[in-house]
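The values are calculated or read from the model by the stated rules, or taken from the named source; none is laboratory data. Fair warning: this is a prediction, and the values are worked out from it, not measured in the lab. FYI the Cβ positions are ideal-geometry reconstructions off the backbone, even for glycines, and counts take in every protein chain you see. The area values use the complete protein model at the heavy-atom level, side chains included, leaving out ligands, DNA and RNA. Shrake-Rupley method; radii C 1.70, N 1.55, O 1.52, S 1.80 Å.
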Amino acid sequence: MKQKFRIGLMLLALLVLGISARAAVVDESLKRDFKAVDGYVVSLMGGEYLIDLDATSRLAVGDIFAVIQPGEKIMHPVTKKMVGTVEQPKAYIQVTKIQSGYSYTRLIGQISGASIQPGDPIRRYQGLPARFWDYSGNGEAVFNSLKAAIPQLEWSSYAASQASRPAAPSAPTDQQVGMVFVYDGGRLEARDPYFHVIHSYGKAKATGRSVAAAPAGSSASGMRLLPLGSASTAGGGMNMVPAGQAGTATGSVPYQLEQQATPAGAYAGNSVVRYSTQFPGFQQRGELPMGVIYTDFIVVDGRRLMAAVNGSNVFVYDVSGGGMTRIAQATLSGTAEMLAVNWWRPAPGEALHLAVTGWISKVNDNAKDYQQISSAILVLNGNSLTVKKNNMGRILGAIDRDGDGVPEVLLGQSFERLTFFGRKMEQYVLNGGKISTVKPGFDMPLDFVAVSGNCMDVTGNGRREFVYVRNNKLYIYSPDGREQIYESPKEMGASLATAMHNIHGGMTKAAEVDDVTAMEIKPLAIDLDGDRLPEVVLPAAEKAGMGIVEGLMPGVKNSWISVVKFRSGMFVKGTIGEKMETPLAGVTVTEDEVLFVATEVPKITGKKGHSYLLAFPLR
């Protein structure tokens with residue numbers, strides 16, 4: 001009898017845990033994210049509508065607002081006074097950027113003949129059709145909780161939603177403006193009309209894949225959704241305005257944009273696309289000195305030059321026109337290991353300089369760590385490299401502020417043991433042949449990394465955002481450095497140029513706490529598809545759980561070249577080419593090919609790995 005009682009208690013506990021797990025996805029966070037918020041259209045600016053709401057209203061990029069059109073008046077039968085009006089959406093707008101005091105939205109659908117005017121009332125998610133796709137088989141209770149939590153949505157019934165559910169999550173084929181909620185038993189994803197994830201809840205990864213919309217295949221009424229990038233509208237009824245008008249590719253493009261996105265690990269709110277090269281094989285351009293861990297490229301005077309470091313050596317190669325010729329080399333004295341190198345031209349007409357960041361780490365006679373930054377600036381004159389300034393205690397990084405493709409601002413970032421990259425910045429200038437320091441004349445993000453960052457206009461607004469890699473994440477900040485507008489999954493960078501540092505300086509070796517920080521490769525801004533809006537191109541990697549596997553980067557399974565594109569008000573991830581088992585030490589893109597440096601990891605014996613300059617064609 002006691003045994004049966006225990007079994008019954010166990011079954012009851014399991015039932016309660018199951019209900020709790022399902023209910024956990026419909027929590028207070030979801031209710032806040034979808035809470036009805038009222039506001040007004042302010043004005044039309046640059047093809048987008050400004051609204052009078054910001055982050056204080058808990059807005060998120062991707063949120064959808066109904067533009068309300070007052071309908072028939074409702075009169076009280078006794079008092080004959082008007083008690084209200086029948087409201088209906090005349091258009092839908094989607095948030096693309098959130099500022100202080102206002103936000104940008106783009107039109108995604110409207111009733112034929114309707115227009116949006118300043119002063120029009122808006123309400124978040126009001127009257128938006130919604131479907132619930134249950135891939136767990138037991139999510140009807142979650143569906144009922146959702147309906148109760150977000151009553152302003154126009155919900156399809158549970159049975160009708162399952163009848164329209166595809167075998168694997170993909171964009172609805174009926175092309176209606178509406179939301180789709182995808183549930184797999186542990187995670188709930190809220191997807192917008194273009195099937196982009198805008199909110200997710202729960203712990204387990206959902207099975208859905210973000211894909212572009214397929215051509216319309218239904219004559220159902222309601223606002224119609226057009227394929228991304230289309231310029232036409234569906235006939236009759238309420239039409240959906242196509243996304244992707246920020247930049248339209250023209251002519252042939254160096255990649256094929258697949259209709260189905262390819263997942264590349266966990267992500268939040270961003271779809272994934274794959275940029276496929278026409279010829280998948282890599283071509284070896286030449287072998288570099290062993291152990292090259294960081295390279296940087298620059299195009300000046302019709303030549304594409306590559307700077308590279310491996311230990312105490314600095315190299316310069318001319319990689320123009322399909323060749324690879326070494327034109328200069330220098331060996332720096334001292335015990336510092338050179339980890340990173342950036343090109344710097346102080347002003348037009350000045351000689352090219354190299355900003356090299358070095359790291360010293362050793363144990364002194366008292367068994368204490370001796371760790372410091374030891375950097376240098378070199379000048380390239382013809383075929384020779386000479387040291388201009390040495391033994392600098394700053395992490396050096398050059399950025400392109402004026403947009404001509406040549407970095408003219410050289411920053412020196414402080415070293416802090418706990419975070420490695422400090423928040424103190426100084427700028428180096430060249431006056432009368434001498435290098436001096438000044439205070440930077442512009443603001444930067446607080447966590448900006450000069451050696452792994454740059455300035456580039458990736459949103460098409462005519463202003464240059466801060467783009468940088470830190471702790472394996474790509475960050476994009478507004479031009480004033482105050483607002484974060486993108487944060488990637490933790491898969492960017494994974495450079496071989498790493499420094500192990502004791503975060504508690506001055507402690508004995510027996511009590512030290514070490515951390516490892518990478519000098520990541522600087523992101524590029526390249527217009528791959530000819531739409532006059534550059535993509536961000538940079539190395540990326542999939543990390544291993546633990547340990548070092550010979551032939552692979554420590555803690556990394558695969559590496560690849562990643563692409564991040566701003567499209568339809570959202571950042572979309574992609575890849576160029578194939579995944580590789582060799583870490584990347586630099587990348588550049590020409591009109592016809594991608595050039596990149598791949599370096600084998602050092603052996604356990606300490607022997608450096610081979611380094612190669614590789615290429616694959618884009619056309």
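Figures for the structure shown
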| read-out | value |
| --- | --- |
| Test result for Leu378, over 31 Å from the mean Cα position of the chain (by Cα), open to solvent by less than 10 Å² (accessible area, probe 1.4 Å) and under 29 Å from Val516 (Cβ atoms) | yes |
| Verdict on Val458 being crowded, with 19+ Cβ neighbours inside 10 Å and either basic (Lys, Arg) or not in a strand (DSSP E or B) (or both) | yes |
| Matching option when the condition is in contact with a Pro (Cβ under 9 Å, 6 or more places away or on another chain), among the small types (Gly, Ala, Ser) and closer than 24 Å to Gly393 by Cβ, among Ala340, Ala308 | Ala308 |
| Residue check for Val451: touching a Ser or Thr at 6+ places or on another chain (Cβ under 8 Å), farther than 25 Å from Leu332 by Cα and at pLDDT 95 or above | no |
| Looking only at region 157-203, and only at residues there that are farther than 20 Å from Arg106 by Cα and of a type in the set (Val, Ile, Thr), the one that is surrounded by the most Cβ atoms within 10 Å (Cβ to Cβ) | Val182 |
| Unique match (being loosely packed, with under 15 Cβ neighbours inside 10 Å and either modelled with pLDDT of 95 or more or more than 25 Å from the chain's Cα centre (by Cα) (or both)) among Gly441, Gly397, Gly405, Gly412 | Gly441 |
| Checklist (1) under 21 Å from Leu305 (Cβ atoms); (2) under 25 Å from the mean Cα position of the chain (by Cα); (3) not hydrophobic (A, V, I, L, M, F, W, C) applied to Tyr612, failing item | (2) |
